[in-house]
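Please read the structure below before turning to the comments.
Only the coordinates and a few stated rules stand behind these numbers; no lab work does. Since we're looking at a predicted model, the values are computed, not measured. For neighbour counting, all protein chains shown are included, and Cβ atoms are generated from backbone atoms with ideal geometry for every residue, glycine included.
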Amino acid sequence: MTTEHSSTTFSDLTTIGVGGPIRTFLTPHTRDGVIDAVRQADAADLPLSVIGGGSNLLVCDDPFDGIVVRDARQDIRFGTPQADGTVAVNADAGCNWDDFVAATVAHGLEGVEGLSGIPGTVGASVVQNIGAYGQEVASSVAQVEAWDRQAQSTVTLETVQLSFGYRMSALKASMYDASAKPSAKFFPTPRFVVLSVTFRLHKSEEGTVGYGQLAKALGVRLGDRMPVAAIRDAVLKVRAAKGMLEDAHRYGIPAMAGAKRADTVAAALQAQRGTTGTDGPDFNRHSCGSFFMNPVLDAAQAAALPQDAPRFPATLPSGAPGTKTSAAWLIDHAGFHKGYAVTADAPASLSTLHTLALTNRGSARAADIAALARTVRDGVEHAYGIRLVPEPVVVGLEL
Ligand SMILES: Cc1cc2nc3c(=O)[nH]c(=O)nc-3n(C[C@H](O)[C@H](O)[C@H](O)COP(=O)(O)OP(=O)(O)OC[C@H]3O[C@@H](n4cnc5c(N)ncnc54)[C@H](O)[C@@H]3O)c2cc1C
């Protein structure tokens with residue numbers, strides 16, 4: 001069964017709450033329905049946007065004259081523990097990511113607890129190779145089942161074919177040509193539409209605390225072992241304090257109905273009320289998360305960084321060793337502090353809790369977010385000679 005919705009806009013479907021009207025919005029409830037919807041768009045040569053939670057998308061205000069597809073399937077299938085302590089877990093692409101993490105923690109499985117609270121879906125988690133608090137989804141993925149829009153067939157992609165990197169995968173790479181320009185054929189949806197992901201997790205009530213800030217919140221040392229449920233709770237609290245969770249009120253509108261389980265929406269709303277002290281929207285959460293990627297610098301660029309700038313070992317796209325620095329640090333030290341807006345009454349600003357989140361304060365349009373992004377990017381480039389690259393998929397806008 002596939003539901004066709006009327007009068008939906010990208011502002012309804014994205015966490016940052018901007019974007020124009022959509023010609024056709026479909027939510028297929030079966031695997032065949034997802035494939036049929038994608039084939040229908042491709043056969044008619046229509047623009048296609050396969051969307052998950054809309055948490056990594058900045059879409060322009062113009063009408064989208066094509067088909068938007070959101071996989072409505074939410075099932076998770078747990079395998080039996082193997083002799084080596086691993087458990088295979090397969091989840092539908094449409095499954096809400098945090099619902100998935102909560103289910104694995106409830107089953108006493110280690111592997112994705114550090115990724116608690118990241119908005120979006122299981123399908124998109126492998127496109128972006130989501131990461132946080134010392135974990136990356138790449139470390140737990142065994143296989144991805146996808147519809148190959150080029151070959152017109154389903155494929156099973158092994159980890160070696162997925163070429164995971166920092167916020168990158170072969171799936172995401174298929175949307176861009178060699179010069180990092182959006183591909184004429186596969187943008188804003190990858191060549192491979194994820195249908196399900198199989199994870200390999202570990203049967204263990206405990207996980208490793210892999211990030212300093214988290215260790216501090218838990219009152220333990222980096223590398224200590226803790227119950228996975230305690231790690232999840234700490235991650236959710238740290239994220240809430242930084243406004244780095246989605247606003248759970250978004251699931252109250254008809255276009256978002258069924259995109260997350262009703263009981264977990266209710267729990268998220270209650271937790272949000274506990275953090276913000278209100279029942280209203282939290283505009284610090286109306287963002288795409290981190291808007292810019294942490295830049296990876298070569299030796300000359302790293303040497304030119306101020307002494308007190310953060311530095312972490314990293315790998316350049318060429319495979320050579322490089323240095324990662326913090327985009328949030330660069331933004332703040334270039335003079336764009338928490339809450340910065342281009343003008344005093346602008347409807348878009350940096351989050352008041354986090355310099356790396358560009359937020360919609362209630363009435364912003366895509367053009368307002370783009371203007372803020374340009375100002376911050378150009379200011380950082382002027383101050384440090386480093387051009388920040390946006391993390392979200394930017395559709396129909398020149399930044
Ligand atoms: C408050 C907040 C905090 C965040 N924190 C983090 C963080 O800590 N770490 C991190 O890595 N990210 C973070 N993000 C970014 C975002 O949550 C992730 O990138 C997430 O994986 C996006 O999932 P989505 O389902 O919302 O994707 P969408 O935004 O819906 O889509 C993003 C891209 O993925 C493609 N896509 C979606 N589903 C499929 C599919 N089934 N098959 C093929 N392609 C698909 C879309 O076509 C699009 O190109 C944050 C975002 C927000 C709003």
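Going from the residue with the fewest nearby Cβ atoms within 10 Å to the one with the most, E381, E398, E4 rank E398, E4, E381. Going from the residue with the fewest nearby Cβ atoms within 10 Å to the one with the most, M244, M256, M1 rank M1, M256, M244.
Lys/Arg Cβ at +1, Asp/Glu Cβ at -1, dipole of the chain taken about the Cα centre: which of S204, I253, L58 is farthest positive-ward? The Cα lying farthest towards the positive end belongs to S204.
With the simple model of a label 7 Å out from the Cα in the direction of the Cβ, R221 to A320 spans 3.8 nm. Only the Cβ atoms of Lys and Arg (+1) and of Asp and Glu (-1) were treated as charged; on that basis the dipole of region 66-131 about its Cα centre amounts to roughly 180 debye. Placing +1 on the Cβ of every Lys and Arg and -1 on the Cβ of every Asp and Glu, with no other charges, gives region 42-177 a dipole of roughly 200 debye about its Cα centre.
Tell me which of Q307, S318, S363 sits at the most positive position along the dipole axis of region 305-373, charges placed on C-beta atoms (Lys, Arg +1; Asp, Glu -1). Going by the charge dipole, the pick is S318. As a calculated quantity, the FRET efficiency between I253 and H337 at R0 = 25 Å, using C-beta atoms, amounts to about 0.15. Any idea which of V68, A41, T3 is furthest toward the positive side of the dipole for region 2-69, if Lys and Arg beta-carbons carry +1 and Asp and Glu beta-carbons -1? Farthest towards the positive end: T3.
Fully extending the segment from V155 to S139, taken as 0.36 nm per residue of separation minus the present Cα-Cα distance, adds 3.7 nm.
All Cα-Cα separations within region 2-69 were binned at 5 Å from zero, giving a P(r) of 4, 18, 29, 25, 18, 5, 0, each value a whole percent of the pairs.
Dipole magnitude for the chain: about 520 debye, using +1 per Lys or Arg Cβ and -1 per Asp or Glu Cβ, origin at the Cα centre. When the pairs K242/K338; K216/K242; K237/K260 are compared against a 18 Å limit on Cα-Cα distance, K237/K260 fall above it.
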